[in-house]
Structures are given as structure tokens and as C-alpha cells.
Amino acid sequence: MSPAALSPVLLALRGVPEERPAVDLDAAAALRARLEAAARGVARATPALEIAAGSLRARRSTPAPVGAALRGLLVTSALRLVAVGARPQPPAALLAAWRASEGDSPLALASDQLDAHERARLESDVAAHVATLRARLGRVPAAWAPRTAVRAHQRLAGGAVVLRDVVDLMVGTTLGPSAAVSLLDVTTAPLGEDDERVARYHALVQTLRTATVPLRSAVLSTATGDLWCIEVDAATLERAADDLVAIFAAPVMGLAA
Amino acid sequence: MTSLGHHRYSRHVLDRLVEGATTPGTFLGATERDALRRRLAAVPTLERRRVDAWFVERGATASTAFAWNPSRARRALGRGALRRLAVDPSRTPLAVVTDEILDHLARAATGYVGSGTLAAYLAAVDGATRALCAAEAVTWATQTGEAAATLSYPWTIPPADPYYDVSGARTTLRGQRDLVVSADSGRVLVRVRAGAPGRSAGAGLRVDLLVDALADPAGAPAARVVGLWPEAGVALSVDGTIEDLHAGARAVVRAVVVGRRRALQPA
């Protein structure tokens, strides 16, 4: 696929291939050592302090209403369909597909309780967000090896701290000589300053997980169509570690999940 | 002494683990097979038992009835896709997953597939669910393929998981392996797992080692079993030693005994 056929979001994730830095395979060890040392301070915490990307969005520290949570899940499902080049599906089909695979989780059971009015509102809301998503993202080239809902689970200090993460879309290979992996988080809320921390958190956890520093980390809002994209370098990862160390030091601030 | 290695995932960790495997100096003969049969036959059961690493790791907790969903379809589809990708590396993970799904649908269309099969499931679900299955499989195949691509040894995707039917004990042992690497020391098995390894992950790997050796006609164990947890960035390894095979057999017997006790407890 030629660059001209790529959407601005994909162009931002791709960067300029000739200008990509050499892949950094050494940063993970130092970052892990620093986080392990900081996490030892909360090693007495029981149960484990669990941190997820959502924990970094301070404005969303309270549980999201059912409608908002479902909207996020269905937009993520739509993103997964976009990534595999599937035909657009109506929100009702997305909801049915998600519900069929979800079992009896509290959110799944809550979704069964939606009345016709709430369901219609959810569907129209999701349709609007998915339209923005499709328009902004465009078709993801299969050659970029798009992976969706990529989970990470990192334990620090013997499990006293658990870093959890789900990257909505990951593209690029970890095997090349230059950094080529880009991460995209899709949010249905307008972007705020917390989203920059979320982008850094994704980059940090991905680095810890694969020992390979990604190229870029981005957050796309389907509410506004805005995209924030950061280059991942040593300074970015240090700042992400600073964010986490601050949370370790103050777990009572309501930032922990 | 049993062996259990813990390694952080990095680009070359899999290759190093394959390189470091040593040729097993043992095999499971008729005596060992008979000993396992007697132990398992001593634990009575009315129904046929199916024991695998997951059963052992979960402390013989009975799992709920199996039903396909996109997450459960990812390994079956992903493995088939990866096999196609190994034949033609110029193709993309999405293209080979699509071919794999189309193959299942074609099989379902013949009408000769069982109702509980993946083919029947894919044929019955709507387009959105099928696309979610494809997305799961593409992610699995890409991650596993990237791990396999770091290997400097030849590797294959085995066509099926190993089974061993313990005669007279109404027990079937099932192993799992996603890659079989042909190392200088023998075969090395690689299992790709979701989530993070728990405390019993080593026992699970030993069960896979045991079942693979039992399913081998000569009883020859793999040189090493490597469990890869991409989400946690961790690789665990167990060597094909007699101690690890014994430990695997003990874990199986213990799980069967615990399962029997659970079955006897009033609901």
C-alpha cells in the first residue's frame, strides 16, 4: 500500500521508515530494575497493587456507567474488525458477538438488562464512534501485521505490584534492526492530559514485556477524532517509570485500579 | 532433582533455550508405562477421565462445559494459519487466517463435520463473531510466528496435540505443543500460553513433557519443554530428565486423586 493511501493516523503510527532509530533491546532491564526497587516499597501491600492504563486516567477512576463501558467495548470490537478488513457490522451485531463470547460477566449480565430505549441509545452512540474510527483509521495494511487487544501482565516485586495493559492495536514487527512497533489506544472520551500518561504507560509495559522499545505510542479519540502520538525514546520511558513510581508511593490517591 | 528455568522474554531467549537443551539420557519403557497405568487404575472412576496440563495446574477443578468462542478458537485457527505461513512466508498472517477460516467453512458445508467442531461453530456464527475469531487468530499467529522467527533451528507446527490412552484406567492424557524445534540435542517443544504463569506452571509443563514422551512410540522424551507466556514476557523451561518425567507422572496421579475426592464430596 502506498503512503498516499494511508490515513493520517496510520501515517503518524508509521513515521518515516528511513528515519527510524535502531531498535533498543537494552532499555528494558534498567527500567525493570528501577521499577522493582520502587515496587519493593509496596511489597507488604495485600492484595497486590494492580495498575492498568485506565488507572492513569484520573478522571475515570470511578467505575464507568454500564452504557459507557459497553460503548468502549463495542468500539474496540469494531476496531478489531477494521484491523482484519472485515465488512462494517451494525452495533447490534457487535453487541451480539461480544455478548456471545463474554459468558456471564457482570457487564454481560448488565447488558442483558438494558431496555429498548437504552439499547437504541447505545447503538446510535456506538455507530457514531465507529464511523469516526473508520474515517480516521482507514484500512490497516495486512503487511503491517496488525494485532488487536494485545494483553500484557507484568509482575513486580514478587507480585506485590501487577501492571496490566491491553493495547487496542499494535502494528509492526519486533524483529527488524530498527524500531518498528507502534501502539494505538482508542478511547471514546475526548483526549485529556492523562492520555499522554496512558500512551507512555503502553510504551513502558510493551518494553517490559518484549524487551524491545516500540517506535511510537498513540491515543485516538473517537469522540473528537483527535490523535496524540508520541515518539518512544529513553526520556519517554523514564517519564512513564516516574508516573508509576509516583503511584507506588501514593496508592491511596485512588489511582490504583 | 527436577529442573525449572525461569527466563525473561527477549529476542533471543527462545534460541538460547533450544541451544542449551541437552540430549535426554532416558526413555519411558514398559515398566514405567505399567506403573503409571496401575496408579491411575487404582483411582476408580465411572466416567472417562481427560487429564491435561490445565487440569493439573487448576488443582483438578472441573472446568465448565466446553463451548467455542473467539478466544478459544484462536489457537486452533492460529496454528493452522502458522502452518500455512511456514510453507509460504511471503503471505500475511491475515491472509493465512482467512484461508484457514474458509477451509473450515468449506468443511462445514460438506455436512460431514460434527456439531461440536470448530468448523460447525464458524459456520453457525454471524460475520461479526467470525471476524473477531479472525482477529484473535491473527494476533496469536503473529506473536507466535515472531517468536518462531527468532529461532536459528528448524521448527514445525505439529498437526495435532499428543494423546495417550492409559489402558484399563479409563484415562486419556492430553499434551499440548505449538512448535516442535529440531535441536542438536533432540526435539524441543514450545507451548504458547495466555496470561501469566502461576505457581503450578512448572507442573503443567512436566505434564506436557510426560504425555509427549508417552505418545512417542519409543518413549523418548523431548530434550526440553519451553512454556512461553508472551503477555507476561516470561519463558519457563523443563528438561527431559527422568526426575521431571516422574514429577509429571506424580502431578497427574495427584490431580486424579484430588479430582476423585472432589467427585465424592456431596454437592
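Residues in segment A:76-94 that are assigned to a helix (DSSP H, G or I) and either at the interface with chain B (Cβ under 9 Å from one of its Cβ atoms) or closer than 16 Å to A:A149 by Cβ (or both): A:T76, A:S77, A:A78, A:L79, A:R80, A:L81, A:V82, A:A83, A:A93, A:L94.
Checking A:T236, A:T188 one by one, the residue that is touching a helix residue (DSSP H, G or I) at 6+ places or on another chain (Cβ under 6 Å), away from chain B (no Cβ under 13 Å) and within 24 Å of A:P90 (Cα to Cα) is A:T188 and no other. Residues in segment A:1-38 that are among the hydrophobic types (A, V, I, L, M, F, W, C) and at pLDDT below 90: A:M1, A:A4, A:A5. Counting the residues of segment A:83-94 that are of a type in the set (A, V, I, L, M, F, W, C) and either buried (at least 23 other Cβ atoms within 10 Å of the Cβ) or outside the structural domain of A:E118 (by TED's automatic domain parsing) (or both) gives 3.
Evaluating B:A81 against the criteria (1) open to solvent by less than 50 Å² (accessible area, probe 1.4 Å); (2) of a type outside the set (F, W, Y); (3) in contact (Cβ under 8 Å) with a residue 40 or more places away in the chain; (4) within 11 Å of chain A (Cβ to nearest Cβ) leaves one unmet condition, (4).
Filtered by the rule that a residue be part of a loop (DSSP other than H, G, I, E, B), modelled with pLDDT of 90 or more and open to solvent by less than 70 Å² (accessible area, probe 1.4 Å), segment A:95-141 gives A:G138, A:V140, A:P141.
If a residue has to be open to solvent by 30 Å² or more (accessible area, probe 1.4 Å) and under 23 Å from A:V150 (Cα atoms) to count, how many in segment B:96-127 make the cut? Counting residues in segment B:96-127 that are open to solvent by 30 Å² or more (accessible area, probe 1.4 Å) and under 23 Å from A:V150 (Cα atoms) gives 3. Scanning segment B:16-29 for residues that are within 14 Å of chain A (Cβ to nearest Cβ) and crowded, with 17+ Cβ neighbours inside 10 Å yields no hits at all.
For every residue, the table says whether it meets (1) more than 21 Å from B:R48 (Cβ to Cβ); (2) open to solvent by 30 Å² or more (accessible area, probe 1.4 Å); (3) in contact (Cβ under 8 Å) with a residue 40 or more places away in the chain; (4) in the same structural domain as B:P24 (by TED's automatic domain parsing).
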| position | (1), (2), (3), (4) |
| --- | --- |
| B:I157 | yes, no, yes, yes |
| B:R174 | no, yes, yes, yes |
| B:A183 | yes, no, yes, yes |
| B:V188 | yes, no, yes, yes |
| B:A201 | yes, no, yes, yes |
| B:L210 | no, no, yes, yes |
| B:D244 | yes, no, yes, yes |
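Of everything listed in (1) among the charged types (D, E, K, R); (2) away from chain A (no Cβ under 14 Å); (3) surrounded by 11 or more Cβ atoms within 10 Å (Cβ to Cβ); (4) in a loop (DSSP other than H, G, I, E, B), the single unmet condition for B:E32 is (4). Being within 12 Å of chain B (Cβ to nearest Cβ), assigned to a helix (DSSP H, G or I) and either open to solvent by less than 10 Å² (accessible area, probe 1.4 Å) or touching a residue at least 40 places away in the same chain (Cβ under 8 Å) (or both): is that true of A:R197 here? So A:R197 does not fit the description; no. The set of residues in segment A:166-185 that are within 11 Å of another protein chain (Cβ to nearest Cβ) and touching a Gly at 6+ places or on another chain (Cβ under 9 Å) contains only A:V181. Scanning segment A:155-164 for residues that are in contact with a Lys or Arg (Cβ under 7 Å, 6 or more places away or on another chain) and either without any contact (Cβ under 8 Å) to a residue 40 or more places away in the chain or assigned to a strand (DSSP E or B) (or both) turns up just one, A:V162. Candidates are the residues of segment B:137-155 that are part of a loop (DSSP other than H, G, I, E, B) and more than 14 Å from every other protein chain (Cβ to nearest Cβ); the one that is surrounded by the most Cβ atoms within 10 Å (Cβ to Cβ) is B:Y153.
Within segment B:109-132, the set of residues being more than 9 Å from every other protein chain (Cβ to nearest Cβ) and within 25 Å of the chain's Cα centre (by Cα) comprises B:V113, B:G114, B:S115, B:G116, B:T117, B:L118, B:A119, B:A120, B:Y121, B:L122. If you go through segment B:195-253 and keep only what is touching a Gly at 6+ places or on another chain (Cβ under 8 Å), under 20 Å from B:T31 (Cβ atoms), assigned to a loop (DSSP other than H, G, I, E, B) and of a type in the set (A, V, I, L, M, F, W, C), you end up with just B:A220. Exactly one residue out of A:V186, A:V232 is of a type outside the set (G, A, S), crowded, with 18+ Cβ neighbours inside 10 Å and more than 25 Å from A:V161 (Cα to Cα): that is A:V186.
The values are calculated or read from the model by the stated rules, or taken from the named source; none is laboratory data. Since the structure is predicted, the reported quantities are computational estimates derived from the model, not experimental observations. Cβ atoms come from the backbone with ideal geometry, glycine included; neighbour counts cover every protein chain shown. Just the protein is used for accessible areas: all its heavy atoms, side chains included, with ligands, DNA and RNA removed. Shrake-Rupley method; radii C 1.70, N 1.55, O 1.52, S 1.80 Å.
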